[in-house]
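The values are calculated or read from the model by the stated rules, or taken from the named source; none is laboratory data. Computed from a prediction, not measured in an experiment: that's the story for all the values here. Cβ placement follows ideal geometry from the backbone for every residue including glycine, while neighbour counts extend to all protein chains displayed. The protein model used for the area step is the full one, side chains on, heavy atoms only, and it has no ligands, DNA or RNA in it. Shrake-Rupley method; radii C 1.70, N 1.55, O 1.52, S 1.80 Å.
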Amino acid sequence: MRVAALGRELSRRHEVRHLTFVAGPCRRGRSLFRVPVTDSQSEYRRAHPLSWLALGASSRCWHGAPLLSGLGMQVSGATAIAPLFRWADLVMVEYPWQFRVSRRITPPATPCVYSSVNVETDKFRSWAEAIEVAPAVVAPWLLYIERAERHAIARADLVTTVSELDRETYIARFGADPDRTVVVPNGVDTKHFRPASPERRAAAKRELGLSDRPVVLFQAADMPANRAGLGWIRRLAAANERFTFLVAGSVAAPERAGGLVAVGRVPDMRPYLDAADIGICPIAHGGGTKLKLLECMAAGLPNVAFAEAIRGTAVRPGEHVLVVDHDARELLDALDALTNDPRRAASMGNAGRALVERSYDWAGIAAGLERALVALTPDRSGAIRADRPADLPGQDGRVLEESERTLIQ
């Protein structure tokens, strides 16, 4: 979501191309194919049996993360993707385990940015604690991740982090250069996610087949920290009959049982935000900052959360979110307090909405990122470099025209 949102904003003034590695058959026999998003934003999908093996090996491990995707890039050969790196005026790499091979493919004069979304070593250590993985199983992965993270921070022309806390950790622990380490927060599309009127909320509940009970929304993808959060939701649903706990996202398969309604993976979170009266974020593990919380705030919902869920943000307990200890009774008491005091709930929802509009809208965040990226690129003329390759495939296999080729100027 972060990559797509920042890419969308940057593509308003530059051409942006995303390279992703996918599991599945090659399209029409090709191992690299283009999926246009807009006229100036495209996704290039790389499909290769060896990269599938690497991705599959990662997904079957306790963390389920693409930790071996850098290996997949390497063993599947760089010939197919090298033209994208030669074409670009600037390369951004999201994962540290992909940075080494990405830096090697990138021409020496082209800036390479490590676009961090977590202190990965800390995140995976925390994930292991959340699902109680044996230390002996975790240790080799943590060593591998730390080495990759340290290498990326040392070799990148610029490092971006999602919070000042992550930035300070990189400087203190990994020796990151403070002048080359900047904060680019997570954000939310405040035009896409908006508060629902009472009429719209009632209609959304009817459309989803929900009762008139207050609806508490937990949105989450399937990852260890969120699975632990789902455990809290199940305990809360079993302990009371006042609320409907609505779970949206791949963290849970579709089910309806008592006060729990899970809908599985969804294409758009807005109908579920519209139906909700309160957001909940009982997340005690992981890293970075929580997009789910920002989306609920953008939708004008009052929220209940653990302290870890607001880490690295400007969210103030009591003003924007009710923060509680890791205790089911405290969670239920906070939900009761918001339900019994509509004025307080509305005030908190309005304050949260104002905060994300002011500090966490993707457009403003992307503007700061753009300034940092443009400062890295000495040639801002917009001219097409003579060494750009002429063999980038389009969606239909054609060669892209010269006029289609500019990235971050």
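The table for this structure:
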item: Between helix 49-59 and the chain: long-axis angle, C-alpha atoms, 0 to 90°, nearest 10; result: 30
item: Extreme residue, positive dipole direction of the chain, given options ALA314, ALA228, ILE280 (C-beta unit charges); result: ALA228
item: Rounded, prolate or oblate (a/c below 1.5 giving rounded, otherwise prolate when a/b exceeds b/c) for the range 133-225 by Cα gyration tensor; result: oblate
item: Value at 222 nm in deg cm²/dmol, rounded to 500, when DSSP H runs of n ≥ 4 in the chain each add -39,500 (n - 2.57); result: -12500 deg cm²/dmol
item: Nitroxide proxy distance, nm - points 7 Å out along Cα→Cβ at GLU94 and ALA139; result: 3.2
item: VAL182/ARG104 FRET efficiency (R0 22 Å; Cβ-Cβ; nearest 0.05); result: 0.35
item: Separation of the ARG155 and ARG270 label points, Cα + 7 Å toward Cβ, nm; result: 4.2
item: Cβ-derived FRET efficiency at R0 30 Å, ASP333 paired with ILE131, nearest 0.05; result: 0.65
item: Rounded tilt (10° steps) of 342-359 against the dominant C-alpha axis of the chain; result: 10
item: Loop-exposed GluC sites (Glu not before Pro) per DSSP, neighbour cap 11 Cβ within 10 angstrom, longest uninterrupted part of the chain; result: 242-400
item: Residue-count net charge about THR190 - beta-carbon cut-off 12 Å; Lys, Arg +1, Asp, Glu -1; result: 0
item: Segment ASN350-GLU255, extension gain: residue separation times 0.36 nm, minus the distance between their alpha carbons; result: 31.0 nm
item: Rounded if a/c under 1.5, otherwise prolate or oblate - the range 78-183, Cα gyration tensor axes; result: oblate
item: Semi-axis lengths (Å, descending) of the ellipsoid that matches the C-alpha gyration tensor of the range 123-181; result: 25, 13, 8
item: Accessible area expressed per residue, the chain, with surrounding protein chains retained (probe 1.4 Å, Å²); result: 43
item: Shape call, the range 1-155: gyration tensor on alpha carbons, a/c limit 1.5; result: prolate
item: Rounded percent of accessible protein surface that carbon and sulfur make up, the chain, 1.4 Å probe; result: 54
item: SER211/ALA372 FRET efficiency (R0 45 Å; Cβ-Cβ; nearest 0.05); result: 0.40
item: Convex hull volume per residue in cubic angstrom - Cα atoms of the range 47-95; result: 66
item: Helix 224-239 axis, angle to the chain major axis (alpha carbon atoms, nearest 10°); result: 10
item: Radius ratio Rg over Rh of the chain, counting only Cα atoms, Kirkwood formula for Rh; result: 0.98
item: Proximal charge balance of GLY64 [Cβ under 12 Å; K/R count +1, D/E count -1]; result: +1
item: Sparsely packed trypsin sites (Lys or Arg not before Pro) within the range 150-253, loop by DSSP, other Cβ within 10 Å at most 14; result: LYS191, ARG242
item: Sparse-neighbourhood loop sites, trypsin sites (Lys or Arg not before Pro) in the range 38-128 - DSSP loop, at most 13 other Cβ within 10 angstrom; result: ARG60
item: Inter-label distance for TRP62 and LYS191, nm, one decimal - labels placed 7 Å from Cα along Cα-to-Cβ; result: 4.5
